[in-house]
Amino acid sequence: MSMKHEQSERLRERAEQLFPGGVNSPVRAFRAVGGQPPFVARAEGAYLWDADGNRYIDYFGSWGPMILGHAFPAVVEAIARAARDSSSFGASTAAEGDLAERVRAVYPGMERMRFVSSGTEATMSAIRLARAATGRKRIIKFEGCYHGHADGLLVKAGSGVATLGIPGSAGVPEEIASLTLALPYNDPGAVEAAFAQYPGEIAAVILEPVVGNAGCIPPGEGYLAGLRRVTAEQGALLIVDEVMTGFRLAPGGATELYGIDADLITLGKILGGGLPCGAFGGRQKWMDMLAPVGPVYQAGTLSGNPLAMAAGCATLDELASHRDAIYPRLEATSRAVAEGVARAAQEAGIAVTLNRVGSMWTWFFTGGAVRDYAEAAASDTARFGQFHRAMLERGVWLPPSQFEAMFLSAAHGPAEVEATVEAARAALAGMRL
Ligand code: KE4
């Protein structure tokens, strides 16, 4: 019996009169997968309900933040309690220190940090700081990595490796784009070549330690250590963008999992327990260059917002106090569902490559390995769209793009795995060539 979507339809018609594409963030419009996005009315644990009362197993979790599951009681109560004392002061509070201490307990390299309200603000500010710290202008990012929508990060590769970046969006001046080098991920030679071509000019290398924004692409053996070595040799800062991986891949994120010695780390998503929050931090010698101590300006009306601090503390407390149960559960459930669906695709004769690190993974509709963006882009995005629509109709809401990572929460368990694999079998059977 197909789902009814009258209420979502009505809400979408209104939204399209108010917001470009009817959304407040492009990926939500389902343009990459086709079909019309349901409007969410509420969520609890592993489940979303739309405006028509249809229930879905949630595999995007607000794009990462909802690692404990939706409406986790301790998080809801912490927000409510904080809200009773007002929702914002624009002045220092104990709550900021409370969250910062919890962050530093798992990210000891963050000798100093600063809270902001989004991942975009965190990476934008970290890059400004790196430029001031080194007196250099150029930065290196990697194709397929997304670090938010600051101008200098909406850049794609120029014609050849180590050529100057070109705007990845309208409105980004080429003068700004040309300061960014967009290199292939998992290609150490490309980074060496860039430093050889621009000696003494590169301020920082910023990367997703496990790529989530091209779909999930893990770092190759030794890749991260290689980046640490070459940036140290060349006097450039290594900025590890853990907005997505932070607190998810391990209590201390990819930094802990891979033992990365970053100069600056950026955080977001889980940090705020679903409320707007980001952070950047690292060695005190760099961070003390920030106003009001040093010459680098950075500010924010809602930075350190008390409700976000409360939600973040409640989330990190739960992760810390049950870490020996939560992370093994995330691993076991993710492995079961990711491999179960990949097996179902194989049985249906449909080529799917699974990349997974912990509770973030992607089923690429392609036959070959996916080690960088070019290989991810070889995926059959039309088939992914078909799969997405078929799963949505069966009550499984996947991220609406081949180039996003799936996430699950500690609220997902064997029942959700079984229902998801069963839905996938039916969906894939209907997709056989
Ligand atoms: P925000 O500004 O969206 O809070 O964070 C930007 C950002 C920075 N770094 C990484 C590694 C990220 O993944 C993100 C944001 N991720 C996307 C999903 N892939 C957010 C979803 C959206 O844009 O609607």
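The values are calculated or read from the model by the stated rules, or taken from the named source; none is laboratory data. Small disclaimer: the values here were computed from a predicted structure and weren't measured. Reconstructed Cβ throughout: ideal geometry from the backbone, glycine too, with neighbour counts over all protein chains shown. We work out accessible area using only protein heavy atoms, side chains counted, and drop any ligands, DNA or RNA first. Shrake-Rupley method; radii C 1.70, N 1.55, O 1.52, S 1.80 Å.
Assorted remarks:
- Top positive-direction residue, dipole computed over the chain with Cβ charges, set VAL341, LEU354, GLY53: GLY53
- Comparing LEU18, LEU238, LEU181 in a Gaussian network model of the chain (Cα springs below 10 Å), the most mobile by mean-square fluctuation is LEU18.
- The fraction of accessible area contributed by carbon and sulfur in region 73-321 is 55 percent, rounded to a whole number (1.4 Å probe; ligands and nucleic acids excluded).
- Amide H to amide H distances under 5 Å link ARG112 with GLY282, GLN284, where only residues 5 or more positions off or on other chains count and H is placed in the peptide plane.
- Take the Cα of ASN24, step 7 Å toward its Cβ, do the same at ASP85, and the gap between the two points is 2.6 nm.
- Proximal lysines relative to LYS285, as straight alpha-carbon distance under 25 Å, when same-chain residues fewer than 8 apart are discounted: LYS137, LYS141
- Binning all Cα-Cα separations of region 73-321 at 5 Å, short to long from zero, yields these whole-percent fractions: 1, 7, 14, 18, 19, 16, 11, 7, 4, 2, 0, 0.
- Shape category assigned to the chain from the gyration tensor of Cα positions, a/c cut at 1.5: oblate
- Antiparallel bridges, percent of DSSP beta bridges restricted to the chain (to nearest 5): 60 percent
- Reachable aspartates and glutamates, given that their alpha-carbon falls under 12 Å from the alpha-carbon of LYS156 and they are not under 8 places away in the same chain: GLU143, GLU174
- Added length on full extension, which subtracts the Cα-Cα distance from 0.36 nm per residue, ALA426 to GLN284: 45.7 nm
- Highest-fluctuation residue, SER125, SER159, SER303 considered, GNM on the chain with Cα pairs under 10 Å: SER159
- 1.4 Å probe accessible area per residue over the chain, in Å²: 41 Å²
- GNM result for the chain, Cα springs below 10 Å: residue of GLY252, GLY61, GLY367 fluctuating most strongly: GLY367
- The radius of gyration of the Cα set in region 1-86, together with its Dmax, comes out at 15.0, 48 angstrom.
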